[in-house]
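A short write-up of the structure that comes next.
The values are calculated or read from the model by the stated rules, or taken from the named source; none is laboratory data. These figures come from a predicted structure and were not determined experimentally. Reconstructed Cβ throughout: ideal geometry from the backbone, glycine too, with neighbour counts over all protein chains shown.
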Amino acid sequence: SSDEESGEEYLFKIVIIGDSAVGKSNLLSRYARNEFNMHSKATIGVEFQTQVMEIDNKEVKAQIWDTAGQERFRAVTSAYYRGAVGALIVYDISRRSTFDSIARWLDELKMLAFGFTGTSSPANQFWNHVQLLQSHSDTTVAMMLVGNKCDLENIRAVSVEEGTTLAEAEGLFFMETSALDSTNVKKAFEIVIREIY
Ligand code: GTP
Ligand code: MG
């Protein structure tokens, strides 16, 4: 494309969503700065970080939006979904309620980021909708279901298989991560960014 010829850089917007305290902010700080905070405060509203990656000798910039999981910020944070082409939808493998919330986060994301209003309809209808959107542009949409805190194996409440099954049904990538010990953090972000690119 002409972008490639002009050496223009690519900028993608990615959002991280999921219940409060599942580790969204720590996943981002681990990925962007290799930092982890055992006592991090709940995010208020949204914060973003621009991360530069090199893919196939091209500079790819990902603008990663870390959103608040607390219910009271929902109206504010969901306003930032628009224009997102990638998402990490995060739950905590040691807290089942955070896994049960995934369907709700997904519906909201599909509606607000991608303009899809068929709430709770089969996943393939959503992906048909995305395909239609994509026929007018170069970019792809990539979503990853993330089961964070996999270091907490001894108090696991959601099995790997449950995560895999949900991801398959919804057409999402899936990965278990630990922001604490770094397992799969880089991989999760890079799979999403590479897929979009
Ligand atoms: P909100 O901003 O309220 O939506 O929460 P959040 O999803 O950003 O969670 P945050 O990153 O602030 O982490 C919440 C708590 O979980 C903190 O005490 C973190 O130290 C801890 N935590 C985050 N990731 C991990 C992980 O991979 N393993 C373990 N054991 N603890 C984690
Ligand atoms: Mg946070």
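Filtered by the rule that a residue be outside any strand (DSSP E or B), crowded, with 23+ Cβ neighbours inside 10 Å and not hydroxyl-bearing (Ser, Thr, Tyr), the stretch 85-98 gives Val85, Ile93.
Within the stretch 53-61, not a single residue is within 11 Å of ligand 1 (Cβ to nearest atom) and farther than 20 Å from Gly171 by Cα. When each of Lys187, Lys149 is tested for being farther than 26 Å from Lys61 by Cβ and in contact with a strand residue (DSSP E or B) (Cβ under 9 Å, 6 or more places away or on another chain), the lone residue that passes is Lys149. Residue check: Phe36 meets all listed conditions (1) in a helix (DSSP H, G or I); (2) within 13 Å of ligand 1 (Cβ to nearest atom); (3) over 23 Å from Ile196 (Cβ atoms) but one, namely (1).
Could you look through the stretch 77-113, keep only residues that are among the charged types (D, E, K, R) and modelled with pLDDT of 95 or more, and pick out the one that is nearest to ligand 1 (Cβ to nearest atom)? Residue satisfying both the conditions and the ranking: Asp92.
Mind listing just one residue for me: the one in the stretch 132-154 that is in a helix (DSSP H, G or I) and at pLDDT below 80 and, of those, farthest from ligand 1 (Cβ to nearest atom)? This residue is Leu132.
So that you can scan it fast, the table gives a plain yes or no per residue for (1) within 19 Å of Val185 (Cβ to Cβ); (2) among the acidic types (Asp, Glu):
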site: Glu71; (1), (2): no, yes
site: Val85; (1), (2): no, no
site: Ile89; (1), (2): yes, no
site: Ile93; (1), (2): yes, no
site: Arg96; (1), (2): no, no
site: Arg104; (1), (2): no, no
site: Leu109; (1), (2): no, no
site: Phe114; (1), (2): no, no
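Filtering the stretch 13-33 to residues that are surrounded by 12 or more Cβ atoms within 10 Å (Cβ to Cβ) and either assigned to a strand (DSSP E or B) or more than 17 Å from the chain's Cα centre (by Cα) (or both) leaves Lys13, Ile14, Val15, Ile16, Ile17. The residue list Glu47, Glu71 contains one member that is within 13 Å of ligand 1 (Cβ to nearest atom), at pLDDT below 95, of a type outside the set (Phe, Trp, Tyr) and within 15 Å of the chain's Cα centre (by Cα), which is Glu47. List every residue pair whose Cβ atoms lie under 8 Å apart, where the two residues are 6 or more positions apart in sequence or sit on different chains, the first residue falls within the stretch 39-64 and is within 10 Å of ligand 2 (Cβ to nearest atom), and the second residue, located anywhere, is at pLDDT below 90 and in a loop (DSSP other than H, G, I, E, B). From the stretch 39-64, the pairs are Val46/Tyr80.
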